[in-house]
Amino acid sequence: MKIVTPTRPRGRPREFDETKALDLAMMVFWRLGYEGASVADLTGAMGITAPSLYAAFGSKEGLYRRVLAHYQAGPGAFTWAALTEEPTARGAIERVLRESARVFTRRKHPHGCMISTAILRCAEAHQPVADLVASLRAGAVELFRERIARGIAAGELPPETDAGAMARFLGAIVQGMSVQAQDGASEAELLGLVEVAMRAWGGGAGRPRAR
């Protein structure tokens with residue numbers, strides 16, 4: 001009887017759990033920033049070799065782009081959830097701000113938002129990465145604007161409300177909260193800022209939701 005030798009699958013088998021590797025790389029980038037995180041820092045945290053990193057992600061920049069998407073689908077997903085789940089514009093924005101105060105000060109990961117204050121200045125060679133992060137921040141402001149515009153159309157806000165200006169104001173609040181969280185502000189202190197920011201809607205800020 002002829003013995004048939006099983007054929008090996010094409011391509012080099014993956015040497016690591018990619019999702020776990022992205023989680024670990026995210027923490028490094030979040031803590032050290034794009035320029036501050038070396039390939040050695042990343043491979044050490046991920047438990048892989050540099051050739052494996054390049055084979056899987058192409059480059060440090062390629063890994064960072066994947067990590068940003070991973071962050072948006074994970075720790076940063078609360079913004080999209082709030083804007084789509086809450087029935088009113090005010091409720092959506094207030095939830096975003098209150099969740100930001102909570103998420104930005106959690107002990108289990110670096111403080112602040114990985115995107116809000118990432119790569120504000122960089123070497124010229126890294127400008128494409130900085131442009132990507134800037135586009136993500138602009139995208140968040142646009143989501144605010146769209147939700148506020150729907151609120152205006154629904155009669156929740158006066159028709160003369162400038163949705164674009166209000167969205168930029170809220171974007172500045174979120175970015176400022178990220179900076180203050182990195183500087184040691186507590187959740188309670190950031191929630192105090194939320195109370196002040198929500199007065200822009202009129203009628204006073206709402207009460208914190210029970211968890």
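For every residue, the table says whether it meets (1) under 23 Å from L193 (Cα atoms); (2) assigned by TED's automatic domain parsing to the domain that holds L136; (3) in a helix (DSSP H, G or I); (4) modelled with pLDDT under 95.
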residue	(1), (2), (3), (4)
T43	no, no, yes, no
I48	no, no, no, yes
S52	no, no, yes, yes
G62	no, no, yes, no
E94	yes, yes, yes, no
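Against the condition acidic (D, E) and assigned to a helix (DSSP H, G or I), how does E146 come out, does it pass? Yes: the conditions hold for E146. Is segment 83-98 home to any residue that is touching a residue at least 24 places away in the same chain (Cβ under 8 Å) and under 14 Å from the mean Cα position of the chain (by Cα)? So far as segment 83-98 goes, yes, one or more of its residues are touching a residue at least 24 places away in the same chain (Cβ under 8 Å) and under 14 Å from the mean Cα position of the chain (by Cα). When only residues in segment 100-129 that are closer than 14 Å to Q175 by Cα, surrounded by fewer than 23 Cβ atoms within 10 Å (Cβ to Cβ) and polar (S, T, N, Q) count, which is modelled with the highest pLDDT? Among those that are closer than 14 Å to Q175 by Cα, surrounded by fewer than 23 Cβ atoms within 10 Å (Cβ to Cβ) and polar (S, T, N, Q), it is T105. Restricting to segment 66-82, and then to whatever is part of a helix (DSSP H, G or I) and touching a residue at least 40 places away in the same chain (Cβ under 8 Å), can you tell me which residue is surrounded by the fewest Cβ atoms within 10 Å (Cβ to Cβ)? Only one residue tops the list, namely W80. Candidates E160, E142: the one that is surrounded by fewer than 19 Cβ atoms within 10 Å (Cβ to Cβ), farther than 23 Å from H111 by Cβ, modelled with pLDDT of 95 or more and of a type in the set (D, E) is E142.
The values are calculated or read from the model by the stated rules, or taken from the named source; none is laboratory data. Just so it is clear, the model here is predicted, and its values are computed rather than measured. Ideal geometry is used to build each Cβ from the backbone, glycine not excepted, and the neighbour counts take in all protein chains shown.
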